1. For V82, only one of the following conditions fails: (1) within 28 Å of T160 (Cβ to Cβ); (2) within 15 Å of the ligand (Cβ to nearest atom); (3) out of contact with any Leu (no Cβ under 8 Å at 6 or more places or on another chain). What is its number?
2. Under the condition of being part of a helix (DSSP H, G or I) and closer than 22 Å to V133 by Cα, which residue from region 62-85 is nearest to the chain's Cα centre (by Cα)?
3. I'm told H48 meets every condition in (1) of a type outside the set (S, T, Y); (2) at pLDDT 95 or above; (3) surrounded by 13 or more Cβ atoms within 10 Å (Cβ to Cβ) except one. Can you identify the failing condition by its number?
4. Looking at G44, G88 in this structure, which one is in the same structural domain as L134 (by TED's automatic domain parsing), within 21 Å of S128 (Cα to Cα) and out of contact with any helix residue (DSSP H, G or I) (no Cβ under 8 Å at 6 or more places or on another chain)?
5. Only residues in region 59-79 that are at positive phi count as the first member; pair them with residues that are within 14 Å of the ligand (Cβ to nearest atom), Cβ under 6 angstrom, at least 6 apart or cross-chain, and list the lot.
6. Hey, can you tell me all the residues within region 99-115 that are more than 10 Å from the ligand (Cβ to nearest atom) and in a strand (DSSP E or B)?
7. For region 1-13, which positions are more than 20 Å from R47 (Cβ to Cβ) and part of a loop (DSSP other than H, G, I, E, B)?
8. So which of G88, G136, G59, G130 is surrounded by fewer than 21 Cβ atoms within 10 Å (Cβ to Cβ) and either more than 7 Å from the ligand (Cβ to nearest atom) or over 22 Å from the mean Cα position of the chain (by Cα) (or both)?
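The values are calculated or read from the model by the stated rules, or taken from the named source; none is laboratory data. Note that the structure is predicted; figures quoted are calculated from it, not measured. Cβ atoms come from the backbone with ideal geometry, glycine included; neighbour counts cover every protein chain shown.
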Amino acid sequence: MKISVLTMCPEFFDSFLNSVLVARGAKRDLLNIEIVDIRSFAGGSFRHIDDSPYGGGAGMIMRAGPVVSALESVLSENSHTVLFAPAGNTYTQQKAHEYSEKDHLILICGHYEGIDARVYPYCDELLSIGDYVLSGGEIAAMAVIDSVVRLLGTIRSESTEEESFENGLLEYPQYTKPRTFRGQEVPEVLLGGNHEKIRRWRLKESLRKTAETRPDLIAARQLSKEEKQLLEEIKEE
Ligand code: SAM
């Protein structure tokens, strides 16, 4: 898979490209990331990529010309173009899976007060990584790339299959050595080696955590008979 990141801050990605999973993805030919400097598509000796907003108001707006020229320099038949914006659809694990199936993902990072709206028709979607405002789309791009890289075979699939959101539930609590930490014990069931009991305990704790913190996920779920029974047990505790 290829990912092209269009940004006015290419240096943000220097250490990110050397992070373990991204570097492993590149080494195994699972992923090819190119960072494109939008500024190099701005004409004039000052390479201005921003200007003041029509109608007045605070801040500067990224000009459409350099952004669309940068986009056209990487666009191919199989590209899927994503523009980061707080007003976009919210990013989810399901989207990460969708993106991991793409041949070519183009991620456009805004800055200042955002990008001239006339860039939108050149994009397949606007994407937000949450209800807060970042200074630029670079952190959003890293969040998307990091979550996609995990699904490309850079880590063992058993590691991702049971993670939060993968099956519509949050992950159960995990423990490692030592067995006792400042008076807190590892739950006894995890020490016994009974795989069926461990599976059931983990499912129950997953349901408990999800019901407590994300009841919307429980409401949206087709609960199995076992899950209904475990939720009843939790209510009665
Ligand atoms: N004025 C814009 C607004 O009110 O929606 C915010 C612009 S923000 C300061 C600059 C850029 O950061 C945006 O164009 C976008 O690319 C990126 N950005 C900020 N928050 C984001 C979020 N929650 N998700 C994705 N991208 C975000």
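1. (3)
2. V67
3. So the condition that H48 fails would be (2).
4. Values: G44 fails: within 21 Å of S128 (Cα to Cα).
Of G44, G88, the one residue that is in the same structural domain as L134 (by TED's automatic domain parsing), within 21 Å of S128 (Cα to Cα) and out of contact with any helix residue (DSSP H, G or I) (no Cβ under 8 Å at 6 or more places or on another chain) is G88.
5. Within 6 Å, the pairs are G59/Y112; G59/E113.
6. The answer is H104, L105, I106.
7. Taking region 1-13 and keeping what is more than 20 Å from R47 (Cβ to Cβ), we get 1-3.
The answer is M1, and nothing else.
8. G59
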